Structure formats: C-alpha cells, structure tokens
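*Asks:* Before anything else, here's the structure in question.
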Amino acid sequence: MQVLRKAFTQQLDEIVTAFVNSVDADQSLIEVDIKGSIAHATMLTKQGLLTEPQGENIVAGLNQILQEYEAGKFTLDACFEDVHMNVEKRLQALIGEDALRLHTARSRNDQVALDLRLFVLHQVELHKEQIKVLQGALAKCALANLDAVMPGYTHLQRAQPILFAHALHAFMEMFKRDGERFADLGKRASVSPLGAGAQAGSGLNIDPHFSAELLGLNSCFANSIDAVSDRDFVAEYLFAAALTSTHLSQMAETFIIWATREFGFIAFSDAVTTSSSLMPQKKNPDPVEIVRGKAGVMLGELVSVLATLKGLPLGYNRDLQESKPPAIKVAKELSNCLAVMTVALQNLTVNGENTMKAAADPEMITTDLVEYLVNRGTPFRQAHEEVSSLVAWAREKQLTLSQLPLSDFQKFSGKFGVDTHSLFDPIASVQAKISHGSTGTGKVKELAAGKYEQSAKSPEE
C-alpha cells in the first residue's frame, strides 16, 4: 500500500497491509461511496471551494465510475486499502489533477460513517418491502384456509381449538412490528456525518446541512466527534434484523413441526423441499431449516458488534471497521431468508382433515366447560377446580370427556345441562370466541375482509 505515507520512513509491512485492508467488505459500498462524493463535490462547488468547472469535472468523473461499476467494469484493488482510496485513484486516472481537490474538508472517518449509513438505510427500505410481501403471502394462505380448524398449542401441548388463519395472523402481527422497527430506526439513521472531518470539523466554509439535503437525509450531525464514531445505527439495524430473523425462525420451526408425518397439518411442494441422499422416500424442508439456522448467525453478528463497541474510547477508532462486515452480511442473509419464507408460504398446502381431527380432542374443550359454568354463575376458580376434577375422573375411567354421560358431569357441578355435550365441537368452540383479537370465526373473518385482503394485494393492485 503506497498511498498516504509521505511522512513515513517505511512502507507498511505486507502482512499488516493485508490485515488492515477492507476491500472485501467495501465492495458493497461502492455505489453509496460515489453518491456521497457527488454530494460532497456539489457542496464544495456551492461554497466556492471548487470552481464550477472543477466541480462539474469531478461529478462527471464520479458518474463515469458509477457507470463502470454498474457495468461490472470497476472493482476494488486491494493495494488501495479501501473503497474511498480506490474511487479517488480511479477518479484521478479519469480526470487528472481536479480529483485531488475532492477530499477537501473531508476525512475517511466521516466518509465511511456516511457510506455505512446510506447502506443501512437502503437495506431498511428493502426489508420493509420484503416484509410486506411476506405478510401478503401469509394473508393469501389465511384467506385460502379460513375454515380450517386446528389445535392451538402452549408448551407444545394441545391447548384449545383455533383457526389456522388465526395462527398465521399471529405471524403477520410479528412481522408488522418488525416493519415498524425498521422504519423507526431509519429515522434515527438518516443523519449525515459528512463535514465532521476526522473528529473536529473543518476551518473551511462548508455547509453540512446542504450535503445532508442533497443525500435525502433528515438532518446532519450535531457533534463532530459523535458523528464519526457513532455506530448505534448499525447495532440497531442488526438488532432489528436479528429479531426479524428470530420471528422467521419461529415460523420456520412451527412449519417444520406441522409438516411432520406425526402432525401432518401442512405439506410443502417439491419446489421447496429436498431429497435424501440415502432414503428415497424423504422430502426434507431444508430451505426452511436453513432459515431457522440463519437466525443464530444474525444474532451472533449483533453480539459481535456490541462487543466491539463496548470497549472503545471516545472518538474514531479503527475497531469500527469491524462493524461493516456484519451489517453487509446480515443484509444479504435477512433478504434471502425473507424471500425463501415467502416462497415457502406460496408452496404450502393445509391438510384440513388432519387439523380438524386433531382439533376434535375433547380435552381441548375444558376451558369452554369452565366458561360454560362461569356463564351460569359459578366463580371462575371454583369452575376451574370442578372441570379439573372431571378431567381426572375421565382419565381414571379411561374415557374421553365427550364419552362421559351427563350424570358424570353433574357429579362435579349441578349446573351442567343437557346442552353440555354440544360443547365438544371444535367448530362451535372457535365460533364461540367473541373477545377482541380472539380466534372466533366472526373475528377472524372480520379481519379477512379487511387486513388479510389488503395485505394479500400485490403492490401493483
């Protein structure tokens, strides 16, 4: 590495050169780096620090590099350490001496902080759109299976009958919060550090607010030290990504369980399953399993960045370079996971016969029995105890609750009437739920007529 070392008596050791190099990660930052440089050059021209011809020459050269990058003709050279020096050297080769003026009132410290912010903001917008598409796939699946009844689970034990659509709506709500979380962090990340310099600002007449405006950012920095050392936005981005991936993992795990022969609630098409190298009968949900695995990877990247940040003194430190690869890696991983889970949903079918059979387990109606007694004046705790005793009685007799005669029910509560056995209908159970946000058929179909249908519409619609 031969650049920026006129004050040094030795060239950087080759091993050290390779060690400090960041071009592998920086490849993903070329476009935003050029965008930032165009804004900087435009600001310098406005402030009279560049002449009009100089500014126009620099911007034209930068646009040419951008075109070269888009055409696959510009890649980073490791001998120039990072994206910033690569662009600068290419610009010098294209336009000559004017390129040497571009770095006026700018450090690589504020430059890389800007690049990373612009990169994160772009990813935030991408993820928000991908989440909407995933929610749409969930909504379409819910609409196609509005009448499917299944067991709901707590502690992975059968709990109460619910609608399949209600289960999918739970995931829709998770991803709704994820989208909101990305949108919220985007507001805080939309701050330009350009003009902070290395850490103290500049003695030249620059206009950081104008640079921020050109870049479409909400504001510019308030403190030059914080501007170059702040990586809160990276940590926030990685947290939002890790939590989104956690929700994807929870959905993946749920679908994997439901797709087993033991459950048989859903099936994935051949488009999203793989075969076994040994067992010909196997259809494995490998893509969905990998989504589950990627959640751990993304969580690890969040922890790595937080661990790096917690030990730094005030100001820019080269340790911050290690915040770039996690952000770039997670952006790719999360984007892929959102896309794969969307495709998986589009290739999922529900076995309504199996879900209904499982939902017909009489013991899942015990809460309905409790509420039956409550509606007839029994205090809740008393009703709960009476039904619990009834369950124990049925188990002792090795009978299901629905097989017990009414006389057995009345041994535990005289308030059980001739309509008691009608409660053992899973469809009636879900229809009976009337509270806000419940699995009640009416409530779910109400959502289907609004939220589901709206979410299921393609962006073109």
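The values are calculated or read from the model by the stated rules, or taken from the named source; none is laboratory data. Since the model is a prediction, treat every value here as computed from it, not as a measurement. Reconstructed Cβ throughout: ideal geometry from the backbone, glycine too, with neighbour counts over all protein chains shown.
*Asks:* Do you know which residues across the range 311-349 are over 13 Å from the mean Cα position of the chain (by Cα), crowded, with 21+ Cβ neighbours inside 10 Å and small (Gly, Ala, Ser)?
*Replies:* SER323, ALA344
*Asks:* Out of the residues in the range 97-120 meeting the condition of being among the charged types (D, E, K, R) and in a helix (DSSP H, G or I), tell me which one is surrounded by the fewest Cβ atoms within 10 Å (Cβ to Cβ). First the steps, then the outcome.
*Replies:* To start, the set of residues in the range 97-120 that are among the charged types (D, E, K, R) comprises 97-98, 101, 106, 108, 110, 115, 117.
Remaining after also requiring in a helix (DSSP H, G or I): 97-98, 101, 108, 110, 115, 117.
On the way: GLU97: 9, ASP98: 21, ARG101: 16, ARG108: 19, ASP110: 29, ASP115: 28, ARG117: 25.
Applying the filter and picking the extreme gives GLU97.
*Asks:* Could you list, in sequence order, the residues of the range 423-451 that are in a helix (DSSP H, G or I) and either among the hydroxyl-bearing types (Ser, Thr, Tyr) or not assigned by TED's automatic domain parsing to the domain that holds ASN375 (or both)?
*Replies:* SER429, THR441
*Asks:* Return a yes/no flag: does the range 210-222 have any residue that is part of a helix (DSSP H, G or I), of a type in the set (A, V, I, L, M) and outside the structural domain of GLY315 (by TED's automatic domain parsing).
*Replies:* Yes, the range 210-222 contains at least one residue that is part of a helix (DSSP H, G or I), of a type in the set (A, V, I, L, M) and outside the structural domain of GLY315 (by TED's automatic domain parsing).
*Asks:* Given the conditions (1) at pLDDT below 95; (2) charged (D, E, K, R); (3) farther than 30 Å from MET341 by Cβ; (4) assigned to a helix (DSSP H, G or I), report the number of the one that LYS73 does not fulfil.
*Replies:* Failed condition: (4).
*Asks:* Are there any helices (runs of 4 or more DSSP H) wholly within the range 293-397 with 3 or more residues that are under 30 Å from ASP230 (Cα atoms) and of a type in the set (A, V, I, L, M, F, W, C), and if so which?
*Replies:* 324-346
*Asks:* Then there is this: Looking at (1) in contact with a helix residue (DSSP H, G or I) (Cβ under 6 Å, 6 or more places away or on another chain); (2) buried (at least 22 other Cβ atoms within 10 Å of the Cβ); (3) more than 11 Å from ASP110 (Cβ to Cβ), can you tell me which one PHE210 breaks?
*Replies:* (2)
*Asks:* Okay, next question. Residues of the range 175-193 being out of contact with any Phe, Trp or Tyr (no Cβ under 8 Å at 6 or more places or on another chain) and surrounded by fewer than 18 Cβ atoms within 10 Å (Cβ to Cβ), which ones?
*Replies:* Listed by number, the residues that qualify are LYS176, ARG177, GLU180, ALA183, ASP184, LYS187.
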